[in-house]
Amino acid sequence: MPSKPKTAGGSDSRFFTTQKKGETHELRTDLHSNDRSTKVDAVKKVIASMTVGKDVSMLFTDVLNCIQTDNIELKKLVYLYLINYAKSQPELTLLAVNTFVKDANDPNPLIRALAVRTMGCIRVEKITEYLCEPLSRSLRDEDPYVRKTAAVCVAKLYDIAPDLVEDRGFLEILHDLISDANPSVVANGVAALSEIAETSGKDVMKISTSVLQKLLAALNECTEWGQVFILDSLSKYTPADGREAEGIIERVTPRLQHANSAVVMSAVKVILNYMNMITTEDTLRTLTRKLAPPLVTLLNSEPETQYVALRNINLIVQKRPQILENAIHFFFCKYNDPIYVKMEKLEVIIKLVGERNVEQVLLELKEYATEVDVDFVRKSVSSIGRCAIKLEKAAERCISVLLELIQSKVNYVVQEAVVVIKDIFRRYPNKYESVIATLCENLETLDEPEAKASMIWIIGEYAERIDNADELLETFLETFEEEDPSVQLQLLTATVKCFLKAPEETQEMVQRVLDMATEESDNPDLRDRGFVYWRLLSTDPEAAKAVVLSEKPVIEDDTSKLEPELLDTLISQIATLSSIYHKPPEVFVTRANIRTVTEDDVDDYEYEDENDVGVQPSADGPVDLLDIGGGGDMNGSAPQQNNGGGDVDLFGLDTGGGAPAARPTCVKTQVCDGSQSGGIIINCGFMQTNGSVSMELDLQNNGQIPVTTLAIQLNKSAFGLAPTNQQLVFSPPIAPGASGSYSVGLTVTPNMMSPVAPGSAAPPTVQAAIKNLSNNSVFYFAANFTLESIFSPDGALDRTAFINTWKGIDDTKEVYSTVQLTTSSIEAIIQKFASASIFQIARRPVPNQPGQEVVYFSCKTMTQHSFLAELTFKEGVMACKICVKSEATAYAALAKEALERCAK
């Protein structure tokens, strides 16, 4: 019986099957076999194990012995293995250098390119000096495949050694490659220069007139990937005048018909950017007509592509709505569209709706309001209201559609309609109040806070037109205590409005509401507003009328809600993540400028300005964290406490007097709700004061007996915390219904440390058991631990140690985030960090990035785990990017979160 033939896809699957014990020894034997096929199979098994995450680094020297071969398949496999394990075996990788150099001179261009590409992918600094000569030859190789591979290798080398790339003239050679006869080489040259420009922040592209023509010529012949890079580079080029812009657009326009959506969007970006320079109306109209079909065609793609296209189109129609003003019907939702596509289509429809097509749009939106997806229905009803707010002439028709939908009596439809009608009233005061009666008939269907708040606002605002306004408010007041805060606030305001309009009928009601707001509520906003109204009404009713019943500003149409400057930025970022998030890159890109910290960075910015406010590194000793420009000693002497004379603001931030910020306050969260603890509710947090760590407990006794003495015990944790005293004695005792607090002193104890498994993260909680000695009951809780509570006062590094440590930590051990700040002052952040034992090491501006600064910090826990941090700030932006590096990878995420909390 003939055997079953093996399929192409299944022939190598045998390498991924579970291997038996002793496999490593067998593989080592096969790797040294004289039979070529056995050796190839052995390397394939090693690669398969590596692919599924198994550590096969112990076979490094055995695999390396296979590198001397004429078999190109085997050579590729060995090179793949080397790329993966070179960082963990840098010394052994040097043994392969001679083979790399030899292969870079091989007669076969595939082997030459493979050698250069592999050397570029091996991110080991010691390899770079051997890479330069082969790379230089490959960039001038007679074979275009080798040249285009070498071009990309330059960008990889720049990541490792930027100075080396510049010194050896590789950037100039890349510029020469842009003029290469082969379009693929041109595309790779552009891609490499673009990558280097993004990494360095420098304009290394330098598109001249001659380079421009080369790029446009290559555009028609290179691959889709190359076209995208060339188009992106063209989008950053500024034409000399409108005539040159028209010429470039003419050459780019054929890309609008490309099958690849990325090419289409990049072409659209170029044309939109250049349209700003064209003043001829006829040309603009022609371009507008040409841009519509490719954008509409993208809506026939798969849903994910549609979504990306719609997010970009959303920006385009805000900038130039005339492009798609006659194509609104293409954005009508299909029954089988995913919900995320439908929602984006609704956004585009609202931006394109006008007086000519509003009737057609309203019919569609009314139809959508009968769908089964609740979120989509709500969005559709809301869109009808936005149409009314945007188009005054269509407002009446929109309201009639909303009233028809209200008659459907569908709960969520009615509630959303009430919300949007409230907005319509605010947009067109005293114009459409005839619909209030219909709304009042549906009060019983309102059970959501936003809808209730909207209806109450309408009743209060138009109380004089509603005969039974006080009775309607009474129905809401019956459940005042249980209502959402937004509903309570609206009820308070609406009741005061009713009282000012009809004082005799509502005096008792307003008194009751003010009592509930000021005496029975624990909501500070509600209490404050209640007291304001009370004082106004009791002192000067006429003044109260002038305040409460004053004319409200008319709300504006928010269809185009992006600021013009932000919109222009996002238009220039079309076909990138910025255009999907609708945010500029600096908001969400963790580190746009990846760069190794060198000693020069610290030296260059050590004493830039003697009056510079901020902590600067000392040339001779440790950093003086309290020297903030006030003339303090910079030689490592003890910090001087400012006891007066300086201006310190209420938040503990220095305003020029030289006093340090206070340590961050303790953030407490509820860890025990009383259900398992005999009615004792506990809020818990951790903090450090003068080098002492403590667990801060707030207790609320809702039980039947006083709390006199508790015993506490902590479980083993990654932080090794143990209470200094296990008995918590409350004097006086916490009586039933009363509350109290206790500060539990903690020590870091080695035998209480629980080791963290390799590759896992330290658990962010501390588990505690408490015994109530009054009744011998025991209960348990877990509290979130804040790592800054155990940051040590001796965590500052000198600049040399910082640089060496930073460079010695692998980039894969970095964690990133972007954190929103309450201040844009870098000095304020430095002071906050200093108060939390996070020490500034150096500070420098980012080259070629005006307004951006980078500040380096170090800190160490009492458990001897060190962390290095890089914070990137942009002038005027209330956010910063945080990068934390540490060998203690299990704790890195906790350290990053600690920095985020301290920075806020």
Residue within the stretch 732-744 that is touching a helix residue (DSSP H, G or I) at 6+ places or on another chain (Cβ under 6 Å), closer than 17 Å to Q767 by Cα and not polar (S, T, N, Q) present: no
Residue count, the stretch 701-721 (criterion: without any contact (Cβ under 8 Å) to a residue 60 or more places away in the chain, touching a Gly at 6+ places or on another chain (Cβ under 8 Å) and part of a strand (DSSP E or B)): 1
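Here's the yes/no breakdown for (1) under 24 Å from A113 (Cα atoms); (2) out of contact with any helix residue (DSSP H, G or I) (no Cβ under 7 Å at 6 or more places or on another chain); (3) without any contact (Cβ under 8 Å) to a residue 12 or more places away in the chain; (4) not assigned by TED's automatic domain parsing to the domain that holds M119:
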| residue | (1), (2), (3), (4) |
| --- | --- |
| D55 | no, yes, yes, no |
| V63 | yes, no, no, no |
| L77 | yes, no, no, no |
| S88 | no, no, no, no |
Flag if L298 is of a type outside the set (S, T, Y) and either in a loop (DSSP other than H, G, I, E, B) or buried (at least 21 other Cβ atoms within 10 Å of the Cβ) (or both): no
Selection from the stretch 826-854 of residues that are in a loop (DSSP other than H, G, I, E, B) and either in contact with a helix residue (DSSP H, G or I) (Cβ under 9 Å, 6 or more places away or on another chain) or of a type in the set (D, E) (or both): A836, S837, I838, P847, N848
Any hit, the stretch 95-110, residues being modelled with pLDDT of 85 or more, surrounded by 17 or more Cβ atoms within 10 Å (Cβ to Cβ) and part of a loop (DSSP other than H, G, I, E, B): no
Subset of the stretch 62-87 (residues that are among the charged types (D, E, K, R) and not in a helix (DSSP H, G or I)): D70, K87
Checking I316 against (1) out of contact with any Leu (no Cβ under 9 Å at 6 or more places or on another chain); (2) in a helix (DSSP H, G or I); (3) under 24 Å from K379 (Cα atoms), the condition it does not meet: (1)
Members of the stretch 237-256 found to be out of contact with any helix residue (DSSP H, G or I) (no Cβ under 7 Å at 6 or more places or on another chain) and closer than 23 Å to L298 by Cβ, listed by number: E250, P254
Residues within the stretch 788-812 that are modelled with pLDDT of 85 or more and part of a helix (DSSP H, G or I), tallied: 13
Enumeration of residues in the stretch 306-344 that are of a type in the set (V, I, T) and either surrounded by 15 or more Cβ atoms within 10 Å (Cβ to Cβ) or modelled with pLDDT under 90 (or both): V308, I313, I316, V317, I323, I328, V341
Candidates R147, R137 - the one that is out of contact with any helix residue (DSSP H, G or I) (no Cβ under 6 Å at 6 or more places or on another chain), in a helix (DSSP H, G or I) and at pLDDT 85 or above: R137
Single unsatisfied condition, S739 versus (1) more than 25 Å from A836 (Cα to Cα); (2) free of Cβ contacts under 8 Å to residues at least 40 places away in the same chain: (2)
Residue in the stretch 328-339 that is within 33 Å of the chain's Cα centre (by Cα) and in contact (Cβ under 8 Å) with a residue 60 or more places away in the chain present: no
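Look at M119 and say whether it is without any contact (Cβ under 8 Å) to a residue 40 or more places away in the chain, touching a helix residue (DSSP H, G or I) at 6+ places or on another chain (Cβ under 9 Å) and either surrounded by 15 or more Cβ atoms within 10 Å (Cβ to Cβ) or polar (S, T, N, Q) (or both).
Working: without any contact (Cβ under 8 Å) to a residue 40 or more places away in the chain: yes; touching a helix residue (DSSP H, G or I) at 6+ places or on another chain (Cβ under 9 Å): yes; either surrounded by 15 or more Cβ atoms within 10 Å (Cβ to Cβ) or polar (S, T, N, Q) (or both): yes.
So M119 passes the test.
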All positions within the stretch 848-904 that are in contact with a Lys or Arg (Cβ under 8 Å, 6 or more places away or on another chain), closer than 13 Å to F833 by Cα and at pLDDT below 90: C902, A903
Test: S717 is of a type in the set (G, A, S) and either out of contact with any strand residue (DSSP E or B) (no Cβ under 8 Å at 6 or more places or on another chain) or assigned by TED's automatic domain parsing to the domain that holds K860 (or both): no
Odd one out for T493 among (1) crowded, with 22+ Cβ neighbours inside 10 Å; (2) β-branched (V, I, T); (3) at pLDDT 90 or above: (1)
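Here's the yes/no breakdown for (1) of a type in the set (F, W, Y); (2) touching a helix residue (DSSP H, G or I) at 6+ places or on another chain (Cβ under 8 Å):
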position	(1), (2)
T288	no, yes
L291	no, yes
N314	no, yes
K319	no, yes
F332	yes, yes
Y335	yes, no
Output for the stretch 867-904, where each listed residue is part of a helix (DSSP H, G or I) and of a type in the set (D, E, K, R): K896, E897, E900, R901
Subset of the stretch 206-223 that is surrounded by 16 or more Cβ atoms within 10 Å (Cβ to Cβ) and either farther than 17 Å from E244 by Cβ or among the acidic types (D, E) (or both) - its residue that is farthest from the chain's Cα centre (by Cα): A218
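Hey, can you tell me all the residues within the stretch 319-334 that are in a helix (DSSP H, G or I) and under 17 Å from A267 (Cβ atoms)? Show your work before the answer.
In the first step, residues of the stretch 319-334 are kept if they are in a helix (DSSP H, G or I); the result is 319, 321-323, 328-331.
If the condition is that a residue be in a helix (DSSP H, G or I) and under 17 Å from A267 (Cβ atoms), then K319, I323 are the ones that fit.
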N775 vs. criteria free of Cβ contacts under 8 Å to residues at least 40 places away in the same chain, out of contact with any strand residue (DSSP E or B) (no Cβ under 7 Å at 6 or more places or on another chain) and either among the polar types (S, T, N, Q) or within 29 Å of T812 (Cβ to Cβ) (or both): no
Matching residues, the stretch 392-448, being small (G, A, S) and surrounded by 16 or more Cβ atoms within 10 Å (Cβ to Cβ): A394, A395, A417
I681 vs. criteria free of Cβ contacts under 8 Å to residues at least 24 places away in the same chain and either in contact with a strand residue (DSSP E or B) (Cβ under 8 Å, 6 or more places away or on another chain) or not assigned by TED's automatic domain parsing to the domain that holds G795 (or both): yes
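The values are calculated or read from the model by the stated rules, or taken from the named source; none is laboratory data. Treat the numbers as computed from the prediction; the structure is a model and nothing was measured. Backbone-built Cβ (ideal geometry, glycine too); neighbour counts: all protein chains shown.
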